[in-house]
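The values are calculated or read from the model by the stated rules, or taken from the named source; none is laboratory data. The shown structure was predicted, so the numbers you read here are calculated from the model rather than taken from an experiment. All Cβ positions, glycine included, derive from the backbone under ideal geometry; neighbour counts span all protein chains shown.
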Amino acid sequence: MLLSCLPPLRLDIFRQNMFAVRDELFDYAMAGHIAFDHPAYVLLRKSMNGFIRYGHRLSLFQLMITLCRWHFSDEKPVSRWQKQWEPAVASIDDEDIRNKLQEFQLRSMNLVIGRIVTGSPILLTAVVFTALVVLCKGAWKSTADLYRIAAEKAFRLFSIDPETLEDEALRIVAHS
């Protein structure tokens, strides 16, 4: 009984946390720091909306299916996220605002990566072992840094590029 309640609960928690970050982004724009129609704000909001919408598909299994679909079909991923994000953020003159938007993007990606990692015993084990290696090498500054580095390295073991997650979120929002 408890195990059947866990997946929907994890999804609800993920979506609620993503809503919270998106709400903070909205409040930041409402305070006048960035225009609602600025490309960086629009892109970040679309990305978060995509993650909220397809949060149920954020799993290692679904990610592998998507990567296989891209590999064996003519439907290749369109790498739009980085090509749109970097110039949009670079167009912001104020460094504090630029850093704050990048922080919002990082927080949303941490939620996504956390959802994928904690939903897969295989990936969770890979992250733990990778974290131990990073810990032994001393290549970290904080616990959050340790987790981020370990998750990135574990994702690379499975040939997963976190940018493809952003691209997939934008694709889903564009098709809805």
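Would you tally the residues in the stretch 38-95 being of a type in the set (Asp, Glu) and either part of a helix (DSSP H, G or I) or in contact with a strand residue (DSSP E or B) (Cβ under 8 Å, 6 or more places away or on another chain) (or both)?
Final tally of qualifying residues: 2.
Name the single residue that is nearest to Ile122 (Cα to Cα) among those in the stretch 60-76 being in contact with a helix residue (DSSP H, G or I) (Cβ under 7 Å, 6 or more places away or on another chain) and crowded, with 16+ Cβ neighbours inside 10 Å.
Leu60
Every residue in the stretch 133-160 that is among the polar types (S, T, N, Q) and not in a helix (DSSP H, G or I), please.
Within the stretch 133-160, Ser142, Ser159 qualify.
Looking at the structure I just gave you, is Leu101 touching a Leu at 6+ places or on another chain (Cβ under 6 Å), at pLDDT 75 or above and either among the polar types (S, T, N, Q) or crowded, with 17+ Cβ neighbours inside 10 Å (or both)?
no
Which one of the conditions (1) under 16 Å from the mean Cα position of the chain (by Cα); (2) at pLDDT 85 or above; (3) farther than 23 Å from Val42 by Cα does Leu123 fail to meet, given that it meets all the rest?
(2)
Mind counting the residues in the stretch 12-45 that are of a type outside the set (A, V, I, L, M), touching a residue at least 24 places away in the same chain (Cβ under 8 Å) and either farther than 23 Å from Glu152 by Cα or out of contact with any Leu (no Cβ under 6 Å at 6 or more places or on another chain) (or both)? First the steps, then the outcome.
Taking the stretch 12-45 as the starting set, the residues that turn out to be of a type outside the set (A, V, I, L, M) are 12, 14-17, 19, 22-24, 26-28, 32-33, 36-39, 41, 45.
Still in the running and touching a residue at least 24 places away in the same chain (Cβ under 8 Å): 14-15, 17, 19, 22, 24, 28, 33, 38-39, 41.
Now narrow it down to the ones that are either farther than 23 Å from Glu152 by Cα or out of contact with any Leu (no Cβ under 6 Å at 6 or more places or on another chain) (or both): 14-15, 19, 22, 24, 28, 33, 38-39, 41.
Adding up the residues that qualify gives 10.
Pairs only if they're at least six apart or on different chains, beta carbon under 6 angstrom, first in the stretch 122-133 and surrounded by 19 or more Cβ atoms within 10 Å (Cβ to Cβ), second modelled with pLDDT of 85 or more and in a helix (DSSP H, G or I); list them, first residue then second.
Leu123/Val117; Val127/Val117
Of the residues Lys141, Lys137, Lys46, Lys83, which single one is surrounded by 15 or more Cβ atoms within 10 Å (Cβ to Cβ), among the charged types (D, E, K, R) and either within 20 Å of the chain's Cα centre (by Cα) or more than 30 Å from Ser4 (Cβ to Cβ) (or both)?
So the residue among Lys141, Lys137, Lys46, Lys83 that is surrounded by 15 or more Cβ atoms within 10 Å (Cβ to Cβ), among the charged types (D, E, K, R) and either within 20 Å of the chain's Cα centre (by Cα) or more than 30 Å from Ser4 (Cβ to Cβ) (or both) is Lys46.
Among the residues of the stretch 16-66, which ones are among the charged types (D, E, K, R) and within 23 Å of Thr164 (Cα to Cα)?
Within the stretch 16-66, Arg22, Arg45, Lys46, Arg53, Arg57 qualify.
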